[in-house]
Every structure is written in structure tokens, then in C-alpha cells.
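Asks: Okay, handing you the structure first.
The values are calculated or read from the model by the stated rules, or taken from the named source; none is laboratory data. Computed from a prediction, not measured in an experiment: that's the story for all the values here. Cβ sites come from the backbone with ideal geometry, for glycine too, and all protein chains shown count toward neighbours.
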Amino acid sequence: MTATLRKGWCPGALAPMLSGDGYIFRLRLTNGILTFERAKVFADLARRFGNGAFDLSARANLQMRGVAGEKIADLQEELRALGLLDSDARAEAVRNVVPSPMAGFDPSAALDARPLVAALEALLARETALHDLPAKFGFSVDGGGLLPLQGVETDIAFAALPGAPPRLALSLGGRPAGELAPQDICAVAEKIARNFLRLRGQDRRMSAVVARLGVAPLLDGDAVVTPSSARDEAASCDNFLGAQPCGGKYFVGAGLLFGRIEADSLEPLAELAQAFGAAELRLTPWRAILVVGLERAAAVELAKRLAGLGFLLDARDSRLVFAACPGAPACSSARGDVRALALALAPHWSAQAGRVHISGCEKGCAFNAPALTLVAEADGYALIDFGLARERPSARGLDLAALQSRLISLAQGTRV
Ligand code: SF4
């Protein structure tokens, strides 16, 4: 099979992207469902074809890292045999749907979002006109309940409303745009996506088109979206790590340091979860994997075992609020080992003091919202007090000692 190789593209299994440590293969798993058998197979593939590492993306995809160029075709053949290759790279690239991580296991959810996600993905793969959507254009389907998709911003977002009969709230580029019945999700998504393509000009994201034109032109021709009724804010769950009750069962949230998981951790995670009677693993957009369908005692014991394996099980762990890209040497654009810096700074920070983003360059791949941001430069780190990596720094040339004292004083004042 011929690989489609492009640098600077959203990586896929058919369009791997070159990085400093080899090619990245993004595996888009429908509904974020990772069965135990598949997790073990992925761990084996990562050892044989990659450098053994995976990243969990902000869209709940698993990215295999460090694949050598000469191994791409063989890895694709293995993935195809597992039924994990799309028909072509464009169909794969457009299949960006963030799911509800607990769908089907949360009785408090307004609806089971799994069939809606599957239908939306099938539509995106099938309708070739939609393959012109920009690479980062994405959808989300939030079933509500215990773990709503908080902090996940997508171009076209559907979120279940409480009550009966089931209704979905629609947001375009973060702006409320109306309500619809769940069975209309594909028709509405297709209509809006086609309107976006017609209206977008040079814009690549829905938020830019909505800022320019409002939502009405994007809904043009769509009779099934009705104005939103007043509704309560979505419930929120601040802590989903460790053993957590859900309905009559439990789940365990296992946080990943910087969203990274090694094959040597993924395999024991799957084996332990299976041995403790869990149903399956679920990927989240929050750099954590959920083990779902557990009894209470099993969840408590499993959480202890996973903490011993290096997973982050305590929401107070300050390492959880550090976002850091792979940095040097994994990325050729990086000017520093940003993950080592994050680990050196974490003891001087507290999880309640807010997000810290440490970036190897101004691109800021790891986090795209305002935070206390440090950017590696040739002569130390630049500090953006509360902003994005590409914004103007308030200080430059900071070394480790200077950064530690800055973070200590900021944490004490909790300014960010
Ligand atoms: S932010 Fe820069 S250094 Fe970090 S991964 Fe992205 S391109 Fe590489």
C-alpha cells in the first residue's frame, strides 16, 4: 500500500505525519472504545513498528509515535487486517467526532450517544463533498450525565438536553444555534457542513465564520433546527480520576502524564482491567483513560494498582495541570526539553493555581487556551502571564531557578 506522507498535516493511519522521533499514526477509534484485546494488539504494534509510545489527543484519539518510514506500509497492512483503515486518507481525516467517554455506562446521561457518533462518522466517510472540510474541523456528541464534554470546543457540537423526549442542543463555533431531535443529527450536520464549505472563504474554523456571519446563514435551508429554549447549565464533574461511582457500578479514571502512555503501561492496564472484571477502556479528550463497568471493591483495588504503575489517580496532583508538547528531542522545532522542565516545576505549583503550558516553540501544540505559558527560546524561557504561546511575553531569558521562584510566588497568589 502506498502511504500518503505529508508534513504538517493532521496525522492519520493513512496519512502519517513526520515528527522528530519518526512518523505519527493517529488511530481514530469510534466512540473512544478501546477493547482489552485491541489495547494489547496496539501495544504489540507500537513495540514492533514504533518507539513504543502513544499520545492521547485532545480529541480522544490514540497516536502511535516513532514509526520508521520503511515500516509504514507493513503497519498499515496490520491495521487494515484489524479493520482499522479507512477507505482513503480524506475519508479518514474528516472523521473527527469527539464522543461522550461514558456513553452506555452512565444511567444519568440524557441519551446513549454511541449510535449518534457512529452514524455521524459513517456520514462523514460516505459523503465525499464533506471531505473538503479543513483538517482540524471537528464535531462532538455529548450525551450529558456524569461526564459532560466540558472544555471540548468543536466546530459543530451536539449536546443532549435533560428531560423527555430527548433533544440535542446545537452549537456552532461555540455559539448556541438551536435544538433538534436526535434522529435529525446527520441531516443537520450535513447541511451545516455544506453551508460552511460554501461560506467559509479563507476561514478554516466555524468560530471564524460565525464571528463574521452569525449562525443564521449556516442553518440556511434547515427546517428541523428550532430556537433554543431556556435551560440549565450542564452539570460538571471536577474529578473523574481514581475510583468513581456511576449508577450502580464504578469506573476508574487513570490520568496520563502529558497524555503519554507507553506500550509497557497500556498492556498491563488492559490486563489488569480485564482481570478485575471491567467491561472495556474508554479514551477521553482530557488525557485520561477510563476503565468502565467495575464493581466497587474491584475499582478501589484497581485504582491502587494503577497508581503503582505510574498512572495519575489523584486530582490534586499538580502534574495534571501541566501541558507540555513532546519538545526536544522528539520534535525538530523544539528549543528545549519542556517535559523535563514541567516535572522540575510541578512541585512548586498547585493544581488549584491553574493551568501551566510549557511549549517547545511558539506554535503551542499542547494547549490552545490561555494559561500561564512558558515558551522555550534560544536563551531560556519566555513567560506569557496568561495567554497563548504565540502572544507577547512579559519576561524572557528565564532559567530554571528564575522560573521556580516565579511559580512559587504566583502559586501563593494564585494569579492564574
Ligand atoms: S509546540 Fe513546537 S516544539 Fe512543541 S511539538 Fe509543536 S512544533 Fe514541536
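Asks: Within the set of pairs 6+ apart or on separate chains, which have a first residue in segment 148-176 that is closer than 25 Å to G214 by Cβ, a second that is of a type in the set (K, R) and not in a strand (DSSP E or B), and C-beta atoms under 9 Å apart?
Replies: Between residues of segment 148-176 that are closer than 25 Å to G214 by Cβ and residues that are of a type in the set (K, R) and not in a strand (DSSP E or B), the close pairs are V152/R59; T154/R59; D155/K136; D155/R205; L161/R231; A169/R231; G173/R205.
Asks: Same structure again: If the Cβ limit is 7 Å and pairs must be 6+ apart or interchain, which residue in segment 316-336 that is more than 16 Å from C365 (Cβ to Cβ) pairs with which residue that is in a loop (DSSP other than H, G, I, E, B) and away from the ligand (no atom under 11 Å from the Cβ)?
Replies: Taking only residues 6 or more apart or on different chains, the pairs are S318/W349; S318/S350; V321/G354; V321/R355.
Asks: In the same structural domain as N61 (by TED's automatic domain parsing) and either in contact (Cβ under 8 Å) with a residue 60 or more places away in the chain or in contact with a Cys (Cβ under 9 Å, 6 or more places away or on another chain) (or both): is that true of V292 in this structure? Let's see the steps before the verdict.
Replies: On the way: in the same structural domain as N61 (by TED's automatic domain parsing): yes; either in contact (Cβ under 8 Å) with a residue 60 or more places away in the chain or in contact with a Cys (Cβ under 9 Å, 6 or more places away or on another chain) (or both): yes.
It is true that V292 is in the same structural domain as N61 (by TED's automatic domain parsing) and either in contact (Cβ under 8 Å) with a residue 60 or more places away in the chain or in contact with a Cys (Cβ under 9 Å, 6 or more places away or on another chain) (or both).
Asks: Being buried (at least 19 other Cβ atoms within 10 Å of the Cβ) and over 23 Å from the mean Cα position of the chain (by Cα) is the filter here, so list the residues in segment 298-330 that pass it.
Replies: The answer is A298, A299, L302.
Asks: Let me ask something additional. What strands (runs of 3 or more DSSP E) lie completely within segment 341-416 and have 3 or more residues being free of Cβ contacts under 8 Å to residues at least 24 places away in the same chain and of a type in the set (S, T, N, Q)?
Replies: Counting at least 3 such residues, we get no strands (runs of 3 or more DSSP E) at all.
Asks: Examine segment 367-382 for a residue that is near the ligand (Cβ under 8 Å from one of its atoms), surrounded by 20 or more Cβ atoms within 10 Å (Cβ to Cβ) and in the same structural domain as I408 (by TED's automatic domain parsing), and state whether such a residue exists. Steps first, please.
Replies: As a first pass, look at segment 367-382 and keep what is near the ligand (Cβ under 8 Å from one of its atoms): 376.
Checking the rest, the ones that are also surrounded by 20 or more Cβ atoms within 10 Å (Cβ to Cβ) come to 376.
Those still in the list that are in the same structural domain as I408 (by TED's automatic domain parsing) too: 376.
Yes, there is a match, as at least one residue in segment 367-382 is near the ligand (Cβ under 8 Å from one of its atoms), surrounded by 20 or more Cβ atoms within 10 Å (Cβ to Cβ) and in the same structural domain as I408 (by TED's automatic domain parsing).
Asks: In addition: Mind checking whether some residue in segment 134-142 is within 24 Å of I33 (Cα to Cα), out of contact with any Gly (no Cβ under 8 Å at 6 or more places or on another chain) and surrounded by fewer than 22 Cβ atoms within 10 Å (Cβ to Cβ)?
Replies: The answer is yes; a qualifying residue exists.
Asks: Now for a different question. If you check G178, G151, which single one turns out to be under 30 Å from L309 (Cα atoms) and assigned by TED's automatic domain parsing to the domain that holds G104?
Replies: Every option except G151 fails the conditions.
Asks: Return yes when R392 is more than 16 Å from the ligand (Cβ to nearest atom) and surrounded by fewer than 17 Cβ atoms within 10 Å (Cβ to Cβ) and no when it is not.
Replies: For R392, the condition - more than 16 Å from the ligand (Cβ to nearest atom) and surrounded by fewer than 17 Cβ atoms within 10 Å (Cβ to Cβ) - is met.
Asks: I would also like to ask the following. Would you tally the residues in segment 299-340 being within 16 Å of the ligand (Cβ to nearest atom) and part of a loop (DSSP other than H, G, I, E, B)? Break it down stepwise before answering.
Replies: Here is the first cut: in segment 299-340, the ones within 16 Å of the ligand (Cβ to nearest atom) are 322-340.
This time we only want the ones that are part of a loop (DSSP other than H, G, I, E, B), so: 325-337.
Selection size over segment 299-340: 13.
Asks: Write out, first by first residue and then by second, each pair whose Cβ atoms fall under 7 Å of each other, whose residues are 6+ apart or on separate chains, and whose first residue, in segment 262-274, is modelled with pLDDT of 95 or more while the second is aromatic (F, W, Y).
Replies: Hits for this filter: L266/F42; L266/F54; A270/F36; A273/F36; Q274/F36.
Asks: Okay, moving on. Which residues, counting only those in segment 270-298, are part of a helix (DSSP H, G or I) and under 18 Å from L56 (Cα atoms)?
Replies: Hit for segment 270-298 is A270, nothing else.
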